[in-house]
Amino acid sequence: MATPKQSYEQQQQQQQQQPNVQRVRNSGMINCNQSPMRDDKEEEMSRSALAMFRAKEEEIERRKMEVRDKVHAYLGRVEEETKRLAEIREELEGLTDPLRKEVSIVRKKIDSVNKELKPLGQTCQRKEREYKEALEAFNEKNKEKAQLVTKLMELVTESERLRMKKLEELSKNVDTLH
């Protein structure tokens, strides 16, 4: 479920991507009015997209660190509680306690919670590894995409250049006929 801010960011990203899609669709057409400003706009859009990607990556990293800190704080509190309960247990054992049965039950619950904590810590570490692997895969695909876009732009530019050359030749041939 996306927050209003995330929904807004997604809409902005989609709006920024739409001119790129339109540009790729129109790339096969000859455009005599193309100016250097268009290249600047494209470069600025690329920079803007890169800046948005970096900002999102920083936000993800910040959130990850917050979750990690919360987990560590929680584990610290659990550890303190365990120590306190161990001290209480020792005090209770020192007394001839009619609550010995309840103490035994609480001990078993503590042991049970400790057993549950270990897999949770392992799960947390595994998820962090998976996140890093996914991020690396994402970055590799993003680089590949950038290379392909660059190649596409080179091919489109070369195609337009050849088409303009051929058009000029045809224009000269038509002029020589008159």
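Can you name every residue in segment 55-95 that is surrounded by 13 or more Cβ atoms within 10 Å (Cβ to Cβ) and within 21 Å of K115 (Cα to Cα)?
Within segment 55-95, V71, L75, V78, T82, L85, R89 meet the criteria.
For E136, all conditions in the list (1) surrounded by fewer than 11 Cβ atoms within 10 Å (Cβ to Cβ); (2) within 29 Å of R47 (Cα to Cα); (3) more than 21 Å from the chain's Cα centre (by Cα) hold save one; what is the number of the exception?
(3)
Report whether or not V156 is touching a residue at least 40 places away in the same chain (Cβ under 8 Å), β-branched (V, I, T), assigned to a helix (DSSP H, G or I) and surrounded by 12 or more Cβ atoms within 10 Å (Cβ to Cβ).
yes
Taken together, the values in this text are just the output of simple stated rules run on the coordinates, not laboratory data. Given the structure is predicted, the values throughout are model-derived calculations rather than measurements. Cβ coordinates were reconstructed from backbone atoms using ideal geometry, including for glycine residues, and neighbour counts include every protein chain displayed.
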